[in-house]
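Here's the structure we're looking at; comments come further down.
The values are calculated or read from the model by the stated rules, or taken from the named source; none is laboratory data. From a predicted model like this one, the values you see are computed outputs, not experimental measurements. Glycine gets a Cβ as well: all are built from the backbone with ideal geometry, and neighbour counts include every protein chain shown.
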Amino acid sequence: MSTSAGGYPAPISASAGARVPWTVWACTSASILIAIGLYWDISWHETIGRDSFWTPAHLLIQAGGLLTALVCAMTIFSATFQPNSVARTTSVNVLGFRGPLGTFIAAWGGLAMVTSAPFDNWWHDAYGLDVKILSPPHILLATGIAGIVWGGLLLTAAEMNRAAGAQRARLQRLCLLLGGFVIVHSMILRLEYTNKVLLHSSLSYVSLGIGLLVILEAPARAAQHRWARTIMAAIYSVFTLLMLWILPLFPASPKLGPVYQPIDHMVPLPWPILLVVPAFVLDLLWPMFEKAPRWQQALFGGVAFMAVLVAVQWPFATILMSPVARNWFFHPANYPYFTPPNAATVRYVFVKVDANAMAFWRGMGIAFAASAASMWLGIVFGNWIKKLQR
Amino acid sequence: MRKLLPLLFILLLPLSTPAHVNSPDVYFDGLAGPYHLLVTVKAPAVVPGIAQIEIRSADKDVDRIEVLPLKMVGAGAKMAPSADVAQRSISDPQSYHGQLWIMARGSWKVQITARGARGSGELDVPLPAISTNTPGMQKSLGVLLSLMGLALVAGIVGIVGAAGREADLTPGQQPEPARKKRGHLREAIAAVIVIVILISGDRWWKAEAATISRLNYHMPHVQTQLLSGNVLHLQLDNPNSQERNRFNFLMPDAIVMDDLVPDHNHIMHLFLVRMPDMKSFWHLHPQPTAGTQFTQTLPPLPAGHYRVYADIVHANGFPETQISEMDLPAISGAALNGDDSGFADSAATDKTAQLADGYRMVWEQDSSPLKAQKAIWFRFRLEDKDGKPVQDMENYMGMAGHAVFMSNDGNIFAHVHPAGSVSMAAVNIAEGMPAAHDMSKMNSTMDAKPLAGEVSFPYGFPKPGDYHIFVQVKRAGRVETGVFSAHVP
């Protein structure tokens, strides 16, 4: 990596040879570090309970945020204060500062993460230790993480759109990798709604219908790879499975009470939702509908995705709940130490969220509609990313 | 094997303990096997939160002390989390400090394991855990977060504008005016959306805060009414019954009123203290009649404005003190009977209280001044008219004595025993015994039979001020009450 006379990193240049910009590497590394940190942290809370600001899981998340914020800030300062730099030509103007759009989004994400830390700390002191994922400080943190991951994705896409040949192929692969981790982060937020005991209720599918296809479709369109959706869904699945199999290898026990379940190893997060199957179907059928009007693509894609997902996830949920799955491979016993003995997940009993058949079908209708709407948004967003140059 | 310890009280008092009134710290003196420990616990103001535990061993041969939290009853009482090792103090090797996370409101116990030259021993201490208040945000933090928030809002608006204006331009191309205008329009829309999001976020925050506030412990106010025949009628209150389960899995213990258990022989211990002179003091034991109602035939007592404190204990070991105030006329009722006790007109003294038949109760104080939040032993000696220690003290409700520490304005009240300030019923439950286990039949190396003429109580005043200490012992079949004044600078 070369540096300019002023000591700042050399500006990003599309014609700098077959070299991936270091900001892209930084954002990619940060996305992966943060994903590992988040999975590890949730597992930590479900197994050990007690943590501090400086646990390894927290350090990974913080490192990812800091790395991105610093690297992007340096890039922005370099582009802003070097008027003749090549980076100027491939920069946007945000409040007088210059830099690639993706770096601003990633830097913004880093700032949001840093802001969420003292907010979360105060929240614990005022309202007690958090025992659910979705609280205002956590949403700010999640928004910050989304900024980093999407910032990295847009940065990579802009580079890719200006690149050609081997450089483009390299950036395309990074796009798909980042897209896969966008899915990982999005699915973490849906964990409370996609617990195995809820997979025979419409609630899970409504949750999966809202927004998932935006983050699957947009990067896939931008990457323009024949099997983009499948690859991204496969990255999410492989990451989740690796965490599912690796975490329980480590012995651990609760350090907080009340302890309702005997736990002697790190509790992993659940088996991945089978997104890879509908993603594969969409990729397979893509040539059939790529020329259709946008609204038809959205309708067909959204409905097909959700239909295939329900068709595979529903029976798979039955397998997950059955004695046949109670082994290290499926590891369905991924409930925390504080799960009461009579909880559905401990008894392997489905929870019927829908009061009756009408409620179920109404919910499923919402799921399909949300899926189609998300597909439409994904198409619009993906088409915009394809045009990104800065 | 653990010995049964009648005087084991570890009181984990939150800021507004349910077991007393505004006397948050817990003082407990007991045996962990062969080791004599004095335990002080400062409970968290917010639960989930951290309890601070101070332990002082009277013996020098303790090597290690471990602490862990358990629910008192139910599934959470069966499996324990890993124990924490208490840190030994550098300046005093017999003192240890530990911390425990208390994760749900309700009835807990702290299990203390002491290990040393004489083996190991265990001590179970009841811990009622509640949230009492919700602190606000410090101004400096609020300013910092606001500034960072402003930067985030400005940033996202600028980013949206830039995305619409320039992001799809080829390198080197400048945006024409129409694009710039479009960029500003998108910035305006983004600003509106961000403001809507912030307003929604603020409403969400307020909703969460309101839910938390509803789950804070509210002091119950017992309803009192004087009926004909000098009968006092009491109706228990339960302002904490409407708790919603905010958490999916950490359920707070519900507080209900149909699960009361006797605490040292009585379902309710009722204290009446005339204010402001505090010269009329009564310790009575109302009988339950129906549901949450109790009646008490009042003894002869002078007219006045009385503070009422009703101590009860629930089946899961959770104690409460329900409070009230009432004006009573002069009562010329039936004489005291059973365990009921009190006096109609007795002023506090600094050191020596005159009792019946020339007997005296002497407060043995050392020269060091009283200090708030410091655990000390309050020792009282009973003497006959010749100044000799009394030899015929008896158990009063299974103990050497009972004490009430009360601030002169009535806002601080603690009902304390020789082992400390916990409920004895809760101690029994913590030890796995029935709540109503007869303490007087306990076999213990500690005062099952009172020392001749002396009783002592571990306690620490919660804050500076003026207090009355009412000390009750029994001799020759009669309960004697000495009253002392204390000034805590």
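Pairing residues of region A:220-239 that are closer than 14 Å to A:Leu284 by Cα with residues that are aromatic (Phe, Trp, Tyr), at Cβ distances under 6 Å and at least 6 apart in sequence or on separate chains, gives A:Thr230/A:Phe280. In region B:78-114, what count of residues is obtained for those that are more than 7 Å from chain A (Cβ to nearest Cβ) and in contact (Cβ under 8 Å) with a residue 24 or more places away in the chain? Looking only at that region, the number is 22.
Filtering region B:461-489 to residues that are assigned to a strand (DSSP E or B) and more than 19 Å from B:Trp377 (Cα to Cα) leaves B:Lys474, B:Arg475, B:Arg478, B:Val479, B:Glu480. For region A:150-189, the candidate set comprises residues that are out of contact with any helix residue (DSSP H, G or I) (no Cβ under 7 Å at 6 or more places or on another chain) and closer than 21 Å to A:Thr68 by Cα; within that set, the residue that is surrounded by the fewest Cβ atoms within 10 Å (Cβ to Cβ) is A:Arg173. For A:Ala146, the test of being within 12 Å of the chain's Cα centre (by Cα) and part of a helix (DSSP H, G or I) is passed.
Just give me the residues in region A:339-383 being within 14 Å of chain B (Cβ to nearest Cβ) and touching a helix residue (DSSP H, G or I) at 6+ places or on another chain (Cβ under 8 Å), in sequence order. If the condition is that a residue be within 14 Å of chain B (Cβ to nearest Cβ) and touching a helix residue (DSSP H, G or I) at 6+ places or on another chain (Cβ under 8 Å), then A:Thr339, A:Pro340, A:Pro341, A:Ala344, A:Thr345, A:Val351, A:Val353, A:Val380, A:Phe381, A:Gly382, A:Asn383 are the ones that fit.
When restricted to residues that are at pLDDT below 95 and within 14 Å of another protein chain (Cβ to nearest Cβ), region A:219-251 contains 1.
Would region A:209-232 turn up any residue that is in a helix (DSSP H, G or I), more than 26 Å from A:Arg326 (Cα to Cα) and either of a type in the set (Lys, Arg) or outside the structural domain of A:Pro336 (by TED's automatic domain parsing) (or both)? Among the residues of region A:209-232, at least one is in a helix (DSSP H, G or I), more than 26 Å from A:Arg326 (Cα to Cα) and either of a type in the set (Lys, Arg) or outside the structural domain of A:Pro336 (by TED's automatic domain parsing) (or both), which makes the answer yes.
A quick yes/no check of all residues on (1) out of contact with any strand residue (DSSP E or B) (no Cβ under 9 Å at 6 or more places or on another chain); (2) within 15 Å of B:Ile429 (Cα to Cα); (3) in the same structural domain as B:Ile255 (by TED's automatic domain parsing); (4) crowded, with 18+ Cβ neighbours inside 10 Å:
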site	(1), (2), (3), (4)
B:Asp63	no, no, no, no
B:Leu70	no, yes, no, yes
B:Gly98	no, no, no, yes
B:Met103	no, no, no, yes
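Here B:Ser120 meets each of (1) assigned by TED's automatic domain parsing to the domain that holds B:Asp84; (2) under 30 Å from B:Val21 (Cα atoms); (3) not charged (D, E, K, R) with one exception, condition (2).
The criterion of at least 1 residues that are of a type in the set (Ser, Thr, Tyr), modelled with pLDDT of 85 or more and touching an Asp or Glu at 6+ places or on another chain (Cβ under 9 Å) is met by the following strands (runs of 3 or more DSSP E) wholly inside region B:179-278: B:223-227.
If you filter region B:42-56 down to residues that are modelled with pLDDT of 90 or more and either surrounded by 23 or more Cβ atoms within 10 Å (Cβ to Cβ) or within 14 Å of another protein chain (Cβ to nearest Cβ) (or both), you find that the one that is nearest to A:Asp125 (Cα to Cα) is B:Ala51. None of A:Trp150, A:Trp108 is within 9 Å of chain B (Cβ to nearest Cβ) and not aliphatic (A, V, I, L, M) except A:Trp108.
Could you tell me which residue of region B:137-177 is farthest from the other protein chains (Cβ to nearest Cβ), considering only residues that are surrounded by 13 or more Cβ atoms within 10 Å (Cβ to Cβ) and among the charged types (D, E, K, R)? Taking the candidates together, the pick is B:Arg165.
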